[in-house]
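Following: one structure in structure tokens, then a few remarks.
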Amino acid sequence: MTYKPPRMRFGIFLAPFHRVGENPTVALDRDLELVELLDRLNYDEAWFGEHHSAGWELIASPELMIAAAAQRTKTIRLGTGVSSLPYHHPFILADRMVQLDHMTRGRAMFGVGPGALTSDAYMLGIDALTQRQRMDEALGVILRLFRGETVTHQSDWFTMKEARLQIAPYTFPHMPVAVASTFSPAGPQTAGKHGVGILSVAVSQPGGLISLARTWEMAQEAADKADKGLSREDWRLVLPIHLADTREEAIRDVDEGNQQFNKDYFENTLGRPADPSVKPDVASQVERGGAIVGTPDDAIAAIERMQEMSGGFGALLGLAHEWTSWEKTRHSYELFARYVAPRFQGQISRIEESQEFVASNRTTIFGPNAAAIGKPSSMLVSPSRMRC
């Protein structure tokens, strides 16, 4: 049976991806401007990445972005997407996140991962083979600190001696926590082991969509083994989205930019050659389920298919991209907010039912009024006959 949340959440996953050669000051300010727009459009969440190399993803501290965005917005929730746990002492990171929990009045969220860019780990002298184990170890300690425990822990990469957080979280029992998941079993298994949410960030990659059901199975198996609860409400899927007034226009908007991004980022920067068996155009990516590009109706149908294929999830995050102009990107976010999100948030059915009721009963409802308007003027009382 497919899980369908009473109110699906929508937002963005902001790595971000800025073209090499662009002014970083302007780029970071534009990221904050985007979150302000989404807040006004009633989006639910925005997640900021953490990267330290490769020249594309310029946010080094998602916590700083959350603090800045919180001052500019009202209701949107703000998360680390994700904090690379092997790069930080767990106590310091936990303490900073609890401070953010208070500064945002409960709008902060904590996404974690092992670190996506091997170049980051290389500069820090971290063996890439240890990153996933370190993520799991750090997350376990951080969750204990969030819960108010006193922690003594000796590791080969950090030490804690009777460590305790001096302020309790603003959110009870603590802010939402989610683990990044790609194709490795480490993400869903860690999420299940600790009973926290999942951020599926590889849905756009070939095979990503069809692997979702197995992702949940692995998480649930780990949760059962650890005797932890796990909810599909806390499962977030991430993939690129672009909408326009027609499907053809949407594809034209982003096809060239998408292909250029894949070549410049994945091939020329990260050294991941393109799979010759996978067509590079955005229409083919949409066909295999790796992106939502089209009209609002196309987006609604795509989300419904994703629900069936995955078994159900609680939130969909658009992978923020700059494949077309700001004006067209802004229009895409507006179309999604106006016509797609309300379909999955219980905001349309009552309006439609009200319209349909009045339309089907208009003769009965408006008949007497129409008859009264049609009466001859002689039937009306003239002002001269009215008593003062």
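Are any residues in region 208-222 of a type in the set (Gly, Ala, Ser) and surrounded by fewer than 16 Cβ atoms within 10 Å (Cβ to Cβ), and if so, which ones? Spell out how you get there, then give the answer.
Here is the first cut: in region 208-222, the ones of a type in the set (Gly, Ala, Ser) are 208, 211, 213, 219, 222.
Across region 208-222, the qualifying residue is only Ala213.
Restricting the first residue to region 273-296 and requiring it to be among the polar types (S, T, N, Q), which pairs with a second residue that is part of a loop (DSSP other than H, G, I, E, B) meet a Cβ separation below 6 Å and a spacing of at least six or different chains?
The qualifying pairs are Gln285/Ala291.
Could you tell me how many of the residues in region 183-214 are touching a Pro at 6+ places or on another chain (Cβ under 8 Å) and over 15 Å from Ala315 (Cβ atoms)?
Total satisfying the criteria: 2.
Restricting attention to region 154-163, does a residue exist that is surrounded by 14 or more Cβ atoms within 10 Å (Cβ to Cβ), of a type outside the set (A, V, I, L, M), part of a loop (DSSP other than H, G, I, E, B) and under 20 Å from the mean Cα position of the chain (by Cα)? Spell out how you get there, then give the answer.
Of all residues in region 154-163, those surrounded by 14 or more Cβ atoms within 10 Å (Cβ to Cβ) come to 158, 160, 163.
Now drop any that are not of a type outside the set (A, V, I, L, M), which leaves 158.
Filter again for part of a loop (DSSP other than H, G, I, E, B), leaving 158.
Among the residues that remain, those that are also under 20 Å from the mean Cα position of the chain (by Cα) are: none.
Within region 154-163 (the criterion being surrounded by 14 or more Cβ atoms within 10 Å (Cβ to Cβ), of a type outside the set (A, V, I, L, M), part of a loop (DSSP other than H, G, I, E, B) and under 20 Å from the mean Cα position of the chain (by Cα)), the answer is no, since none of the residues qualifies.
Sort out which residues of region 326-370 are polar (S, T, N, Q) and in contact (Cβ under 8 Å) with a residue 24 or more places away in the chain, and write them in order of number. Don't jump to the end; show me each part of the working.
Of all residues in region 326-370, those polar (S, T, N, Q) come to 329, 332, 345, 347, 349, 354-355, 360-361, 363-364, 369.
Residues satisfying the conditions are Thr329, Ser332, Gln345.
Quick one: which of Arg272, Arg305 is closer than 21 Å to Ser200 by Cα, open to solvent by 20 Å² or more (accessible area, probe 1.4 Å) and outside any helix (DSSP H, G or I)?
Details: Arg305 fails: outside any helix (DSSP H, G or I).
Exactly one of Arg272, Arg305 is closer than 21 Å to Ser200 by Cα, open to solvent by 20 Å² or more (accessible area, probe 1.4 Å) and outside any helix (DSSP H, G or I), namely Arg272.
Which strands (runs of 3 or more DSSP E) does region 28-127 wholly contain that include 3 or more residues that are touching a residue at least 40 places away in the same chain (Cβ under 8 Å)? If you could, list the steps in order and put the result at the bottom.
Values: elements: 45-48, 77-84, 108-113.
Per the criteria, 77-84, 108-113.
Taking Gly106, is it closer than 18 Å to Gly49 by Cα and either out of contact with any Pro (no Cβ under 6 Å at 6 or more places or on another chain) or hydrophobic (A, V, I, L, M, F, W, C) (or both)? Before the answer, list the steps.
Working: closer than 18 Å to Gly49 by Cα: no; either out of contact with any Pro (no Cβ under 6 Å at 6 or more places or on another chain) or hydrophobic (A, V, I, L, M, F, W, C) (or both): yes.
No, not satisfied.
Would you call Gln205 modelled with pLDDT under 95, closer than 19 Å to Ser284 by Cα and open to solvent by 10 Å² or more (accessible area, probe 1.4 Å)?
Values: modelled with pLDDT under 95: yes; closer than 19 Å to Ser284 by Cα: yes; open to solvent by 10 Å² or more (accessible area, probe 1.4 Å): yes.
Yes; evaluated as a whole, the condition is true for this residue.
Hey, among the residues in region 1-27 that are of a type in the set (D, E, K, R) and in a loop (DSSP other than H, G, I, E, B), which one's nearest to Trp235 (Cα to Cα)? I'd like the intermediate steps shown before the answer.
Narrowing region 1-27 to residues of a type in the set (D, E, K, R): 4, 7, 9, 19, 22.
Retained after the next criterion (residues that are in a loop (DSSP other than H, G, I, E, B)): 4, 7, 19, 22.
Details: Lys4: 12, Arg7: 13, Arg19: 30, Glu22: 34 Å.
Selected residue: Lys4.
When only residues in region 126-153 that are small (Gly, Ala, Ser) and more than 22 Å from Ile59 (Cβ to Cβ) count, which is most open to solvent (accessible area, probe 1.4 Å)?
Here is the first cut: in region 126-153, the residues small (Gly, Ala, Ser) are 128, 138, 140, 148.
Filter once more, so that each one left must be more than 22 Å from Ile59 (Cβ to Cβ): 140, 148.
Working: Gly140: 19, Gly148: 61 Å².
That would be Gly148.
Yes or no: region 44-52 includes at least one residue that is closer than 15 Å to Ala108 by Cβ, open to solvent by 20 Å² or more (accessible area, probe 1.4 Å), touching a helix residue (DSSP H, G or I) at 6+ places or on another chain (Cβ under 8 Å) and among the acidic types (Asp, Glu). Walk me through it before giving the result.
Let us first name the residues in region 44-52 that are closer than 15 Å to Ala108 by Cβ, namely 44-48, 50.
Retained after the next criterion (residues that are open to solvent by 20 Å² or more (accessible area, probe 1.4 Å)): 44.
If we keep only those that are touching a helix residue (DSSP H, G or I) at 6+ places or on another chain (Cβ under 8 Å) as well, we get none.
No - not one qualifying residue is present in region 44-52.
Within region 223-238, can one find any residue that is basic (Lys, Arg), at pLDDT 95 or above, touching a His at 6+ places or on another chain (Cβ under 8 Å) and surrounded by fewer than 20 Cβ atoms within 10 Å (Cβ to Cβ)? Quick ask: steps written out before the conclusion?
As a first pass, look at region 223-238 and keep what is basic (Lys, Arg): 225, 228, 232, 236.
So of that shortlist, the ones also at pLDDT 95 or above come out as 225, 228, 232, 236.
Imposing the further condition that a residue be touching a His at 6+ places or on another chain (Cβ under 8 Å) reduces the set to 228.
From what is left, the residues that are surrounded by fewer than 20 Cβ atoms within 10 Å (Cβ to Cβ) are 228.
Looking for residues that are basic (Lys, Arg), at pLDDT 95 or above, touching a His at 6+ places or on another chain (Cβ under 8 Å) and surrounded by fewer than 20 Cβ atoms within 10 Å (Cβ to Cβ), one finds at least one in region 223-238, hence yes.
Okay, residues lined up against (1) over 24 Å from Ala15 (Cα atoms); (2) of a type outside the set (Asp, Glu); (3) buried (at least 16 other Cβ atoms within 10 Å of the Cβ):
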residue: Ser284; (1), (2), (3): no, yes, no
residue: Gly290; (1), (2), (3): no, yes, yes
residue: Asp297; (1), (2), (3): yes, no, no
residue: Gly312; (1), (2), (3): yes, yes, yes
residue: Leu316; (1), (2), (3): no, yes, yes
residue: His321; (1), (2), (3): no, yes, yes
residue: Thr324; (1), (2), (3): no, yes, yes
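Among Ala15, Ala69, Ala94, which is under 15 Å from the mean Cα position of the chain (by Cα) and either among the polar types (S, T, N, Q) or open to solvent by less than 10 Å² (accessible area, probe 1.4 Å) (or both)?
Every option except Ala15 fails the conditions.
Before we move on, is Met123 over 25 Å from the mean Cα position of the chain (by Cα) and either surrounded by 19 or more Cβ atoms within 10 Å (Cβ to Cβ) or hydrophobic (A, V, I, L, M, F, W, C) (or both)? Walk me through it before giving the result.
Details: over 25 Å from the mean Cα position of the chain (by Cα): yes; either surrounded by 19 or more Cβ atoms within 10 Å (Cβ to Cβ) or hydrophobic (A, V, I, L, M, F, W, C) (or both): yes.
Yes, satisfied.
Tell me whether region 306-323 contains one or more residues that are without any contact (Cβ under 8 Å) to a residue 40 or more places away in the chain and farther than 23 Å from Arg77 by Cα. Steps first, answer last, please.
Start the filter on region 306-323 by keeping residues that are without any contact (Cβ under 8 Å) to a residue 40 or more places away in the chain, which leaves none.
No, that holds for no residue.
Evaluate region 337-351: report whether one residue or more is in a helix (DSSP H, G or I), among the polar types (S, T, N, Q), closer than 22 Å to Gly81 by Cα and open to solvent by 20 Å² or more (accessible area, probe 1.4 Å).
no
The values are calculated or read from the model by the stated rules, or taken from the named source; none is laboratory data. Computed from a predicted structure; not experimentally measured. Backbone-built Cβ (ideal geometry, glycine too); neighbour counts: all protein chains shown. Protein only, heavy atoms only, side chains kept; ligands, DNA and RNA dropped before computing areas. Shrake-Rupley method; radii C 1.70, N 1.55, O 1.52, S 1.80 Å.
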